[in-house]
């Protein structure tokens, strides 16, 4: 009987403490609750604004438009370059692409026997006075009867060493997926190809995806009719639109 009374008293004491705690919490927490309510209201307002923006999404710009806008203060615009690709079989396809032009010294692209090269003045804001002369893509006239996978197997995969052949796989994507990270849309949603290493090769060399597979940087392969392009995207955003390459009649 005594034990039972003790248990009841203990329970009553616990209940009193709980009630007191709640009461004190309510008295001392008024300003906190008010602040929290204000914060929630503000957050809700921000979320509503964002939701409003998502309800009416802005039209995505193409990659070239995005780059031109970044350099808008430097008087940059979008221009188109058309180059003739020489070939010994008499095929001379015309290749066009869009680029960001920031004056007459820009847009100097030249063709070699297997490359498209850019000869440009330094980018706006770049303190360097050194001209740029580098390849932006390699090209190859291929057999139209072969699929892109077969062409890549012959021209790229065959150059891999045994380890790369075992651990590098051909991966297909598109410029739409690639440009999403830049908040842009492709001029053409071309299918892209690249070789990526598995976990073994990546862990072994601790290198970037394309370097581990012997490609030496961020590169994508694109097939345009009988032309295979090996586009050098690079670590910096290029001043040409990789998704705008097209064959002209």
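The values are calculated or read from the model by the stated rules, or taken from the named source; none is laboratory data. All values reported here derive from a predicted model rather than from experimental measurement. Here the Cβ is made from the backbone with ideal geometry for all residues, glycine too, and neighbour counts use every protein chain on show.
Within the range 134-148, being under 16 Å from residue 171 (Cα atoms) and surrounded by 13 or more Cβ atoms within 10 Å (Cβ to Cβ) holds for one residue alone: 148. So for the range 125-133 (the condition being surrounded by fewer than 16 Cβ atoms within 10 Å (Cβ to Cβ) and modelled with pLDDT of 90 or more), does at least one residue qualify? No, the range 125-133 has no match at all.
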